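Here is the structure we will look at, set down as structure tokens.
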Amino acid sequence: MGLWTILEGFLLLANALAILNEDRFLAPRGWSFSEFSAGRTKSFKGQLIGLIYATQYMRVPLILLNAICIFVKLVS
């Protein structure tokens, strides 16, 4: 397992987090960003919700990284 495989794994994880829908998946399970106050964002659950929302805002760079990954796979 090389560095490229680890980077692909993180890219797949970021893609999985970016496609989660708040209304259909996160809110019914109590993982909505609006439910957390400033004091509860230090918990593990608050940090994980922050990570999910960060990946959702970074969709354009994810698209570019996916295109680069696909191009490298096609060339190699």
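Observations on the model:
- Simple rule: put +1 on each Lys or Arg Cβ and -1 on each Asp or Glu Cβ in the chain, find the dipole, and look at Gly30, Ile68, Ala18; the Cα lying farthest toward the positive end is Gly30.
- Solvent-accessible area, 1.4 Å probe, carbon plus sulfur percent, for the chain: 71
- Check: the stretch 1-75 dipole with +1 on Lys, Arg Cβ and -1 on Asp, Glu Cβ, in debye: 140
- Mean sequence separation of contacting Cα pairs (under 8 Å, at least six apart), scaled by the length of the chain, corresponds to a relative contact order of 40 percent.
- Rolling a 1.4 Å probe across the protein heavy atoms gives the stretch 1-75 an accessible surface of 76 Å² per residue.
- Alpha-carbon geometry of the stretch 1-75: the Rg and the Dmax are 15.0, 48 Å, given in that order.
- Phi angles of the stretch 20-29 translate, via the Karplus equation with coefficients 6.51, -1.76, 1.60 and θ = phi - 60°, into HN-Hα couplings of 5, 8, 5, 5, 8, 10, 7, 5, x, 9 Hz per residue; Gly and Pro are given as x.
The values are calculated or read from the model by the stated rules, or taken from the named source; none is laboratory data. Since the model is a prediction, treat every value here as computed from it, not as a measurement. So basically every Cβ, Gly included, is an ideal-geometry build from the backbone, and we count neighbours across all protein chains shown. Only protein heavy atoms, including side chains, enter the accessible area calculation; ligands, DNA and RNA are left aside. Shrake-Rupley method; radii C 1.70, N 1.55, O 1.52, S 1.80 Å.
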